1. Name the long-range amide H neighbours of T48: under 5 Å, sequence gap of 5 or more, or other chain; modelled H, no Pro or chain starts.
2. Scan around N115 for amide H atoms under 5 Å from its own, H built in the peptide plane at 1.01 Å from N, and keep only partners 5 or more places away or cross-chain.
Amino acid sequence: MTMGTTRRTVLATGASGAAALLAGCGGGGDGGSDETTATKGGGEALATTADIPVGGGKIFKDEKVVVTQPQEGDFKAFSAVCTHRACLVTTVEDGTINCPCHGSKFSVTDGAVENGPAQRPLPA
């Protein structure tokens, strides 16, 4: 897949074991496709927006990032490291990001704790 400028570009970059996600929305059309690509810092394709299900998300274990799409066209990214005991989350189902270690669940919309024992949200 080739990378090009699109109306919505989602970039995932890693830094010191943590990852940040930047979402850019351009104004006006560029004549390109609506499909965009999530990339690693070096430009390697990580995923396309079509890979992130509406109401769900996708976990990128190596980057320790979870990208969600709570509503169509609205993408969010959070650390995939649970704030309870630093386990990696493993699933995104039924509107929550789920940690297998102790059952913590986080909102796909804002990373807020939906079910403990975690007491802090996933960092965006």
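Each value in this text was obtained by applying a stated rule to the coordinates, not by laboratory testing. Computed from a prediction, not measured in an experiment: that's the story for all the values here.
1. So T48 has HN proximity to A38.
2. Amide H neighbours of N115, under 5 Å, 5+ apart: K105.
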